[in-house]
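**Student:** Structure below; questions to follow.
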Amino acid sequence: MMVNRNILTLDEFTLQQLRQFPSATGELSSLLRDIGLAAKRVNVEVNKAGLVDILGDAGSVNVQGEDVKKLDIYANNQFMGVLKHGISCAGIGSEELDDFVVFNDEVSNNSKYVVLFDPLDGSGNIDVNVSIGTIFSVYKRVSEKGKPCTKEDFLQPGNRQVAAGYVIYGSSTMLVYATRRGVNGFTLDPSIGEFSLSHPDIQCPAEGKFYSVNHGNFFQYEEPVRRYIDACQRKTKETGGPYTQRYVGSMVADVHRNLIKGGIFMYPGTTDKPKGKLRLLYEANPCAFIVEMAGGSATDGKQRIMDIVPDELHQRTPLFIGSKLMMEELDNYQTGKI
Ligand code: AHG
Ligand code: MN
Ligand code: MN
Ligand code: MN
């Protein structure tokens with residue numbers, strides 16, 4: 001079979017977008033190129049994770065109190081490294097680092113953006129060869145250009161994101177990238193080592209049949225969430241069902257499926273952890289941005305995720321995210337309408 005070589009690569013795609021805005025500086029395109037490069041490097045390591053000693057716990061515990069896997073650290077350093085050496089990023093925040101990092105050199109201090117990321121999402125799945133990912137979020141800094149970036153650059157609400165995306169290291173490796181102009185998916189073509197536009201203009205179906213939640217915590221969820229999950233299980237043909245329950249344990253993979261096919265992902269608060277497990281800045285906000293730009297929505301059960309004003313880098317939030325009409329039904333339970 002002939003391979004179609006007319007498919008745009010990630011670089012070609014961003015350059016094409018850039019040509020439509022001759023006044024643009026190209027900093028965002030350059031930042032995305034840096035992220036694409038780090039993703040390719042991480043992909044190579046993820047692919048051989050079962051073979052070499054990079055697999056397994058690194059023996060330390062991150063700021064969230066979870067065991068850190070070696071690949072978490074490798075991925076963190078790759079993403080931090082490309083952004084530091086690039087020309088677009090003044091500093092980063094990472095799930096794996098206690099504090100944000102200010103690059104603090106002349107070029108970085110004059111750069112427009114800061115980036116927050118979860119270098120490896122779903123790291124518990126590394127040892128068992130299940131899809132994992134990287135999630136990233138881009139903000140225009142609010143601090144004075146020419147000076148080092150500051151904490152307030154990182155503590156902006158999600159609605160100020162200029163771009164966000166994720167990479168899935170799965171049966172194929174994909175990069176999904178969202179700006180206010182839309183959401184596009186690129187699949188890594190191993191024959192040329194480039195991300196190629198495979199899913200242009202992704203739209204999240206308004207309704208779907210997938211619901212993703214950790215059923216093991218069911219009795220720890222608040223009553224409205226339990227009633228909604230119960231309703232999901234009772235769906236019939238007549239009421240838009242039957243639904244299928246799918247929960248990978250890598251949020252990126254679950255959100256990706258639901259984004260493409262239609263569905264809802266939930267990580268509610270539990271009695272043990274009222275704010276749930278997921279981090280607002282590294283996981284919830286970027287996914288909320290991507291899903292909203294594709295027509296879906298995301299809340300913490302009470303308000304829109306992207307309207308939450310963060311007060312600390314590592315804060316957690318319950319997360320409900322997915323297809324618009326499914327989210328509306330859930331909202332009816334959470335507001336007591338049903
Ligand atoms: P991370 O590996 O970055 O710590 O994130 C794992 C997250 C998320 O990807 C996933 O949906 C969730 O943890 C699974 O948690 P439970 O096992 O508690 O359901
Ligand atoms: Mn973690
Ligand atoms: Mn994660
Ligand atoms: Mn992680």
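**Student:** To make sure I understand the rule: partners must be aspartates and glutamates, Cα under 18 Å from the Cα of residue 337, and not fewer than 8 residues away in the same chain. Which ones qualify?
**Tutor:** The reachable aspartates and glutamates, counting only those whose Cα sits under 18 Å from residue 337, are 222, 223, 230, 300, 328, 329.
**Student:** Where Lys and Arg each count +1 and Asp and Glu each count -1, what net charge lies around residue 220 among other residues with Cβ under 12 Å from its Cβ? Write out the running numbers ahead of the final one.
**Tutor:** Details: positive: 226, 273, 277; negative: 222, 223, 272.
Neighbourhood net charge equals 0.
**Student:** Checking the table 209/261; 151/277; 209/324 against a 19 Å threshold on Cα-Cα, which pairs fail? Mind showing how you got there, number by number?
**Tutor:** Values: 209/261 8 Å; 151/277 23 Å; 209/324 12 Å.
Among 209/261; 151/277; 209/324, the Cα-Cα distance tops 19 Å for 151/277.
**Student:** Another question, then. What nm distance separates the two modelled labels at residue 130 and residue 245, each placed 7 Å from Cα along Cα→Cβ?
**Tutor:** Going by the 7 Å Cα→Cβ label model, 1.4 nm.
**Student:** While we're on this one: Let's test the formula: R0 of 30 Å, r as the Cβ-Cβ distance of residue 61 and residue 41. What FRET efficiency results, to the nearest 0.05?
**Tutor:** On the way: r = 25 Å, r/R0 = 0.84.
It comes out at approximately 0.75.
**Student:** Would you grab the residues whose amide H sits under 5 Å from the one on residue 194? Only those 5+ places off in sequence or on another chain, please, with H modelled 1.01 Å from N.
**Tutor:** Close amide H contacts, sequence-distant or interchain: 189.
**Student:** Given charges of +1 on the Cβ of Lys and Arg and -1 on the Cβ of Asp and Glu, with all other atoms neutral, how large is the dipole of the chain about its Cα centre, in debye to the nearest 20?
**Tutor:** Numbers: 36 positive and 41 negative charges, 178 e Å.
Value, rounded to 20: 860 debye.
**Student:** Using a Cα-Cα cut-off of under 18 Å, which lysines could be cross-linked to residue 275, ignoring same-chain neighbours fewer than 8 residues away?
**Tutor:** 302
**Student:** Just need the relative contact order of the range 284-328 here, percent rounded to a whole number, with Cα pairs under 8 Å and 6+ apart. Let's see the in-between values first.
**Tutor:** Working: 51 pairs, mean separation 19.4, N = 45.
Here the relative contact order equals 43 percent.
**Student:** Ok, one more. Between residue 220 and residue 97, take the C-beta separation as r, use R0 = 22 Å, and let me know the FRET efficiency to the nearest 0.05.
**Tutor:** Result of the calculation: an efficiency of 0.15.
**Student:** While we're looking at this one, here's another question. Mind checking the angle between helix 324-334 and the chain's longest principal axis? C-alpha axes, 0 to 90 degrees, to the nearest 10.
**Tutor:** Helix 324-334 sits at roughly 60 degrees to that axis.
**Student:** Can you give the calculated 222 nm mean residue ellipticity of the chain, where each DSSP H run of n ≥ 4 adds -39,500 (n - 2.57) and the sum is split over every residue, rounded to the nearest 500 deg cm²/dmol? Spell out each step's value before the answer.
**Tutor:** Working: 9 runs with 98 residues, N = 338.
My calculation for the chain gives -8500 deg cm²/dmol from helical runs alone.
**Student:** For the range 113-202, with only Lys/Arg (+1) and Asp/Glu (-1) charged at the beta-carbon, what is the dipole magnitude about the Cα centre, in debye rounded to 20? The partial results should precede the final answer.
**Tutor:** Numbers: 8 positive and 9 negative charges, 115 e Å.
Using only the charged Cβ atoms, the result is roughly 560 debye.
**Student:** Just how large is the dipole of the range 177-235 about the Cα centre, in debye to the nearest 20, putting +1 at every Lys and Arg Cβ and -1 at every Asp and Glu Cβ?
**Tutor:** Numbers: 7 positive and 7 negative charges, 54 e Å.
So the dipole magnitude of the range 177-235 works out to roughly 260 debye.
**Student:** Which whole-number percent gives the relative contact order of the chain, counting Cα pairs below 8 Å spaced six or more residues apart? Spell out each step's value before the answer.
**Tutor:** Numbers: 739 pairs, mean separation 51.6, N = 338.
The value is 15 percent.
**Student:** Amide H neighbours of residue 316 under 5 Å, counting only residues 5+ apart in sequence or on other chains, H built in-plane at 1.01 Å?
**Tutor:** Correct list: 280.
**Student:** Pull up all non-local amide H partners of residue 111: gap of 5 or more, or a different chain, and H-to-H distance under 5 Å with H placed in the peptide plane.
**Tutor:** Here the answer is 146, since their amide H atoms fall under 5 Å of that of residue 111.
**Student:** So how do 312, 283, 96, 45 line up by other beta-carbon neighbours within 10 Å, fewest first? Display every interim value, and only then the final one.
**Tutor:** On the way: 312 11, 283 26, 96 23, 45 17.
If I rank by nearby Cβ atoms, fewest first, I get 312, 45, 96, 283.
**Student:** Something else about it: In nm, to one decimal, how far is the residue 48 label point from the residue 304 one, both placed 7 Å along Cα→Cβ?
**Tutor:** 4.6
**Student:** Based on the alpha-carbon gyration tensor of the chain and its eigenvalue square roots a ≥ b ≥ c, which shape applies: rounded if a/c is under 1.5, prolate if not and a/b is larger than b/c, or oblate? Before the final figure, lay out each step's value.
**Tutor:** Values: a/c = 1.45, a/b = 1.35, b/c = 1.07.
Taking the square roots of the gyration eigenvalues as a ≥ b ≥ c, the chain is rounded.
**Student:** Got the relative contact order for the range 10-199 handy, in percent, Cα pairs under 8 Å and 6 or more residues apart?
**Tutor:** Values: 358 pairs, mean separation 29.9, N = 190.
Reported relative contact order: 16 percent.
**Student:** Return the loop-located trypsin sites (Lys or Arg not before Pro) in the range 102-208 (DSSP other than H, G, I, E, B) with at most 16 other Cβ atoms within 10 Å of their own Cβ; answer none if there are none.
**Tutor:** Numbers: sites: 112, 140, 141, 145, 151, 160, 180, 181; in loops: 112, 141, 145, 180, 181.
Those that pass, being in a loop and sparsely packed, are 145, 180, 181.
Bear in mind these aren't lab numbers, they're just calculated from the coordinates by the rules spelled out. Being a predicted model, the structure only gives us computed values, none of them experimental. Note: ideal-geometry Cβ built from the backbone for every residue, glycine included; neighbour counts use all protein chains shown.
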